[in-house]
Amino acid sequence: MCRGWKGLALVVACWCVNVPAQAQTGTYPSPVGAARMPQPIPLPPPPPEPNLIPGPVSPEAAPMGPPDSLSLPYDHSGAFQTENYVKENGFYVDIGPIALQRNHLGAGDIAVVNARAVGIPTGPVIPNPFVPPPPGIAPALGFNSVTPPLSLGILGTVGYLWDNNAIEFSSFYIWENDVSKSVNMPFSLDTLFYNPPLAFIGAGMFRYADSVALNYGSSLFNAEVNYRRFSSAFAGLDFIFGARYVRENDILSIMSSGTAIFNDSNALGLPSPGTNGFTYMVIAHNNIAAPQLGLEWNLPIFKWLTLALLGKGAWGVNYLTTDVNLTRNDGLTAFNTVRHATVFAQVYQLGAFADINLLERLRLRLGYTAFWLTGVAAAVDQVDFDLKGYQSRQSLGIAGIENALRTGNLKSIFAAENAYPHGHANNNGSMIFYGPQIQLQFFF
């Protein structure tokens, strides 16, 4: 009996162990019907075989590589260095405004106040125009009475850059900007001119004048061709070799007017009341041609800012012309002396600049520059207050004119009339022009 129960218990235990094992064979229970088998996970289709060409690949079948402009030279030692970088080639252009101001004309009086005219009993009652005037109680007008203005101009540069070299042409022009100063004191002004022509006295033009005025103007033109060599030993240093041409025009005029003392135009051949003024004018043209040397130093401060210093010197010749003339207000010309000369001249230029990089190939240059010209004819240096040249020519040229009239030689007449020049012959003057400049610099 006991063995029967043991056998039954063994059968039940085997059946219980077999049921979970069947549940783990991969079938899913189903409320209806027999258990279902799971579907396998789908796999993507295999990729297509690549379209490969059996190697090796010929040069004709190789794909396109980078252009030659991105390649390094065959003798280049590395791709990442600062000393052997690939240098650029191309054109560059600069353009912008420039403004320069000339230095003062210098000391010296043109007219003084007549002492007797203001109630001080000194000096002659009737001033003698053939001798220098006595000192007045105060200067009325002088060369320093005017300050040359800041005159506007334009400058530009065109150049070509290759490797460590560049050739450029640059030029600027400063327009004439006149400045005037006048003093008005009726019957009270004595000019410093003396020994006037006979047709210029008696109308209050030189003594007891009513008004005296000074007018001054100048213009400046510069053109130069330079070769630049960028130094490999000293970073930022440029050597400049070239030639420069400078033309400077200096114009100065002194005007005086008064009231005629004699109203009879027939008396002693003196002028009528309408001819009571004169203009003494000096025009000087300086033409300097010279070779030049220079240096420019650039110092990078930031990626967008570079400071620069520039210095040039030129030594050559000045082909100058001066014209000194005296004209009455009615058009009568007392003399007109033209003089030519060739002298040694020098030009020096200094500049300080800040270059601001706006774009990769565009930058703005802001700076201040100065030009010093020596060996030039300044208009103020040609003024001669002694007008006796006209009187000497008038007296000493009569015989020559009579002989010329007998022979009918007009050239002799002209030679006699121009035998005695007027004005000083001073070719050792100097001028300084200084002012700001702005440039937009493009690199193509």
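Annotations
- For the stretch 126-171, a residue qualifies if it is polar (S, T, N, Q) and either assigned to a loop (DSSP other than H, G, I, E, B) or closer than 23 Å to ASN184 by Cα (or both), and the qualifying residues are ASN128, ASN144, SER145, THR147, ASN164.
- Members of the stretch 174-193 that are farther than 30 Å from PHE371 by Cβ and not in a strand (DSSP E or B): LEU192, PHE193
- Of all residues making up the stretch 194-217, the number that are under 27 Å from LEU105 (Cβ atoms) and part of a loop (DSSP other than H, G, I, E, B): 8
- Unmet requirement for SER188, which otherwise passes all of (1) open to solvent by 20 Å² or more (accessible area, probe 1.4 Å); (2) among the small types (Gly, Ala, Ser); (3) out of contact with any Pro (no Cβ under 7 Å at 6 or more places or on another chain): (1)
- Just one of the listed residues (ALA111, ALA107) is crowded, with 19+ Cβ neighbours inside 10 Å, of a type in the set (A, V, I, L, M) and modelled with pLDDT under 95, and it is ALA111.
- Residue selected from the stretch 211-256 under the condition aromatic (Phe, Trp, Tyr) and surrounded by fewer than 19 Cβ atoms within 10 Å (Cβ to Cβ), by the criterion nearest to THR342 (Cα to Cα): TYR245
- Extreme residue, least open to solvent (accessible area, probe 1.4 Å), among residues of the stretch 191-202 that are touching a Pro at 6+ places or on another chain (Cβ under 6 Å) and either within 16 Å of LEU332 (Cβ to Cβ) or without any contact (Cβ under 8 Å) to a residue 60 or more places away in the chain (or both): PRO196
- Residues that are of a type in the set (Phe, Trp, Tyr) and more than 19 Å from ALA370 (Cβ to Cβ), drawn from the stretch 285-335: PHE302, TRP304, TYR319, PHE335
- Any hit, the stretch 366-388, residues being closer than 30 Å to ASN128 by Cα, touching a helix residue (DSSP H, G or I) at 6+ places or on another chain (Cβ under 7 Å) and open to solvent by less than 50 Å² (accessible area, probe 1.4 Å): yes
Yes/no matrix, rows are residues, columns are (1) over 20 Å from GLY423 (Cβ atoms); (2) at pLDDT 90 or above:
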site	(1), (2)
SER170	yes, yes
TYR173	yes, yes
MET185	yes, yes
PRO196	no, no
ILE201	yes, no
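- Residue check for ASN103: over 21 Å from ASN215 (Cβ atoms) and polar (S, T, N, Q): no
- Within the stretch 96-118, the set of residues being out of contact with any Ser or Thr (no Cβ under 8 Å at 6 or more places or on another chain) and either part of a strand (DSSP E or B) or closer than 28 Å to PRO133 by Cβ (or both) comprises GLY96, PRO97, LEU105, GLY106, ALA107, GLY108, ASP109, VAL112.
- Residue satisfying condition, being open to solvent by less than 30 Å² (accessible area, probe 1.4 Å), in contact with a strand residue (DSSP E or B) (Cβ under 7 Å, 6 or more places away or on another chain), touching a residue at least 12 places away in the same chain (Cβ under 8 Å) and closer than 29 Å to LEU252 by Cα, within set ASN329, ASN318: ASN318
- A residue that is surrounded by 14 or more Cβ atoms within 10 Å (Cβ to Cβ) and at pLDDT 85 or above occurs nowhere in the stretch 399-414.
The values are calculated or read from the model by the stated rules, or taken from the named source; none is laboratory data. All values derive from a computational prediction rather than experimental measurement. Cβ: placed from backbone, ideal geometry, glycine included. Neighbour counts: every protein chain shown. To get the accessible areas, we keep the full protein, side chains included, count just its heavy atoms, and leave off ligands, DNA and RNA. Shrake-Rupley method; radii C 1.70, N 1.55, O 1.52, S 1.80 Å.
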